[in-house]
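This report refers to the structure that appears directly beneath it.
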Amino acid sequence: LDGGRMWNDTVIETFACAPGTHLSLTSFGLGRYPLDNLTQRFAAVKEVLGKIKYRSTQERVALTDAIAALVAQELPRDLMLTTTQLRALHAAGMEIGAHTVNHPILARTTPQEAEYEIVQSRRTLQELLDDPIATFAYPNGRPGVDYEKTHVAMVRDAGFASAVSTAWGAARRGMSPFQLARIAPWDTTPARFGLRIVRSYFGAAPELLDEGLR
């Protein structure tokens, strides 16, 4: 909140602003990328993000800052919501959920770090909005890859009422409220989005972690 730029936005803005027809990241062990058109720039961003996202929070920030320095251009530092904007969304009826403090891959953190990220994200939002925060979203969200059942327990113990994964599919009767499946709304037309909803409803149930709670 209130200014700044997430590490992934640093990568996006770097490739958006990079001059010339290519950007070499070989000095970081990340390859060389053509930049002749927007499609190539999008593809480069996707590949680089995938190579960086599972590193530690500190390493991600240091590495992406070093990458940004290669283009020698000032990148935007006002990409995040302000506290005033957040409160306006909440006052307008939008539900605000927590998503950790620094967006780490929880499965790659220590138990102490994971608990801090989960608990503090809820606490901060509750203090800002003076309202309970009921919902949590696991960063990256793949069961067994990005979060484990210990993190599910942390979310439950932190006082959340529910949590969403990125397991693809529809929420079903008997599904744990702390590992809700969902679908992404990135379709370009309402018809495509409708088809995605139907497919998720009639598709196989998503594979979620056995929490040992039921």
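The values are calculated or read from the model by the stated rules, or taken from the named source; none is laboratory data. In this text, all values refer to a predicted model and were calculated from it rather than measured experimentally. Glycine also receives a Cβ, built like all others from the backbone with ideal geometry; neighbour counts cover every protein chain displayed. Areas reflect the complete protein model, heavy atoms only, side chains present, ligands, DNA and RNA absent. Shrake-Rupley method; radii C 1.70, N 1.55, O 1.52, S 1.80 Å.
Consider region 179-199 and keep the residues that are open to solvent by less than 70 Å² (accessible area, probe 1.4 Å) and within 27 Å of T150 (Cα to Cα). The one that is nearest to the chain's Cα centre (by Cα) is A184. Taking the criterion of being crowded, with 18+ Cβ neighbours inside 10 Å and among the aromatic types (F, W, Y), the residues of region 148-178 that qualify are F160, F178. Within region 58-99, the set of residues being in a helix (DSSP H, G or I) and of a type in the set (K, R) comprises R60, R87. Tallying residues that are more than 11 Å from A137 (Cβ to Cβ), hydrophobic (A, V, I, L, M, F, W, C) and in contact (Cβ under 8 Å) with a residue 12 or more places away in the chain within region 163-183 yields 7.
Close Cβ contacts (under 6 Å, 6 or more residues apart or on different chains) running from residues in region 142-162 that are in contact (Cβ under 8 Å) with a residue 24 or more places away in the chain to residues that are surrounded by fewer than 16 Cβ atoms within 10 Å (Cβ to Cβ) and of a type in the set (D, E, K, R) comprise K149/E211; V152/E211. When restricted to residues that are in contact with a strand residue (DSSP E or B) (Cβ under 7 Å, 6 or more places away or on another chain), among the basic types (K, R) and surrounded by fewer than 18 Cβ atoms within 10 Å (Cβ to Cβ), region 97-147 contains 1. Hey, could you check region 30-51 for residues that are polar (S, T, N, Q) and in a helix (DSSP H, G or I) and say which is surrounded by the most Cβ atoms within 10 Å (Cβ to Cβ)? Within region 30-51, the match that is surrounded by the most Cβ atoms within 10 Å (Cβ to Cβ) is Q40.
For region 78-96, name all the residues that are touching a residue at least 24 places away in the same chain (Cβ under 8 Å), open to solvent by 60 Å² or more (accessible area, probe 1.4 Å) and not acidic (D, E). If the condition is that a residue be touching a residue at least 24 places away in the same chain (Cβ under 8 Å), open to solvent by 60 Å² or more (accessible area, probe 1.4 Å) and not acidic (D, E), then L79, L81, R87 are the ones that fit.
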